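All remarks here apply to the structure that follows.
The values are calculated or read from the model by the stated rules, or taken from the named source; none is laboratory data. Keep in mind it's a predicted model, so treat the numbers as computed, not measured. Cβ atoms come from the backbone with ideal geometry, glycine included; neighbour counts cover every protein chain shown. Each accessible area value is taken on the protein alone, full model and side chains, heavy atoms only, with ligands, DNA and RNA left out. Shrake-Rupley method; radii C 1.70, N 1.55, O 1.52, S 1.80 Å.
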Amino acid sequence: GDLRSLAFTGHKSLMSLRRRLAEVRSVYEPRWARNNANDVLVPALLAGSWSEGTDRNEGDRRVMETLSGQSYDALRSELLKWANEPDAPIRLVGKTWYVVSQEDLWAQLRKHITSEHLQLFGQVVGDVLKRPLPSLDLPPQERMYAQIRGLHPYVSDDLKRGLVESLAFMGARVFGTK
């Protein structure tokens with residue numbers, strides 16, 4: 001259990017592993033955890049991952065605006081600063097944003113997560129997961145052509161996966177035994 005968990009943490013980020021093994025945690029507090037980056041990193045942590053690739057990802061941008069309470073351009077500008085840090089908590093690869101280590105980011109930011117953050121997260125998860133796929137409006141034999149016909153889901157698979165992983169993480173870590 002513990003060895004596998006440490007290996008997984010080290011695989012995601014060596015700095016995260018270093019913090020996790022630290023005897024004196026305050027020594028290893030990352031710069032991003034000390035510099036009021038909560039306004040952008042908490043929404044990123046809750047979303048987990050999202051895409052900004054095309055106009056089809058407008059839903060992803062709207063979700064991030066809801067979670068952060070700011071325009072997507074302002075949020076993105078701040079996130080880029082932290083994504084370019086040597087010990088970055090978040091990365092942008094191509095057009096996809098993702099949290100480097102959910103466990104590490106949660107450990108550093110959990111004291112900044114408010115009930116308002118959690119309410120917004122609950123609203124977003126409900127909205128995203130309840131929304132039917134546009135392809136389901138087509139007859140079954142035509143659904144494979146949905147994207148060709150311009151029918152796209154409201155949000156990217158990256159964001160859906162990120163939200164579900166965050167929900168599962170909170171269920172296992174916050175309300176579970178860890």
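Summary of computed values
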{"quantity": "Options Val124, Val128, Val155; residue that is under 24 Å from Val42 (Cβ atoms), part of a loop (DSSP other than H, G, I, E, B) and either in contact (Cβ under 8 Å) with a residue 40 or more places away in the chain or within 15 Å of the chain's Cα centre (by Cα) (or both)", "calculated": "Val155"}
{"quantity": "Test: Tyr145 is loosely packed, with under 15 Cβ neighbours inside 10 Å, of a type in the set (Phe, Trp, Tyr) and either out of contact with any Gly (no Cβ under 9 Å at 6 or more places or on another chain) or touching a residue at least 40 places away in the same chain (Cβ under 8 Å) (or both)", "calculated": "yes"}
{"quantity": "Complete set of residues in the range 91-106 that are at pLDDT 90 or above and in contact with a helix residue (DSSP H, G or I) (Cβ under 9 Å, 6 or more places away or on another chain)", "calculated": "Arg91, Leu92, Lys95, Thr96, Trp97, Tyr98, Val99, Val100"}
{"quantity": "Selection from the range 91-113 of residues that are assigned to a loop (DSSP other than H, G, I, E, B) and closer than 13 Å to Asp158 by Cα", "calculated": "Gly94, Lys95"}
{"quantity": "Any chance Leu75 is open to solvent by less than 10 Å² (accessible area, probe 1.4 Å), farther than 15 Å from Leu163 by Cα and hydrophobic (A, V, I, L, M, F, W, C)", "calculated": "yes"}
{"quantity": "Any chance Arg91 is of a type outside the set (Asp, Glu), open to solvent by 40 Å² or more (accessible area, probe 1.4 Å), under 20 Å from Val42 (Cβ atoms) and touching a Ser or Thr at 6+ places or on another chain (Cβ under 7 Å)", "calculated": "no"}
{"quantity": "Ala37 vs. criteria open to solvent by less than 50 Å² (accessible area, probe 1.4 Å), at pLDDT below 90 and not hydroxyl-bearing (Ser, Thr, Tyr)", "calculated": "yes"}
{"quantity": "Top-ranked residue of the range 94-142 - restricted to ones that are basic (Lys, Arg) and closer than 26 Å to Ala33 by Cα, ranked as least open to solvent (accessible area, probe 1.4 Å)", "calculated": "Lys95"}
{"quantity": "Matching residues, the range 47-65, being open to solvent by 60 Å² or more (accessible area, probe 1.4 Å) and either farther than 27 Å from Ile148 by Cα or without any contact (Cβ under 8 Å) to a residue 60 or more places away in the chain (or both)", "calculated": "Asp55, Glu58, Arg62, Glu65"}
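Listed here are the residues, each with its yes/no results for (1) touching a helix residue (DSSP H, G or I) at 6+ places or on another chain (Cβ under 6 Å); (2) farther than 17 Å from Leu109 by Cα; (3) assigned to a helix (DSSP H, G or I); (4) at pLDDT 80 or above.
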| residue | (1), (2), (3), (4) |
| --- | --- |
| Ser16 | yes, no, yes, no |
| Gly53 | no, yes, no, no |
| Arg62 | no, yes, yes, yes |
| Ser77 | no, yes, yes, yes |
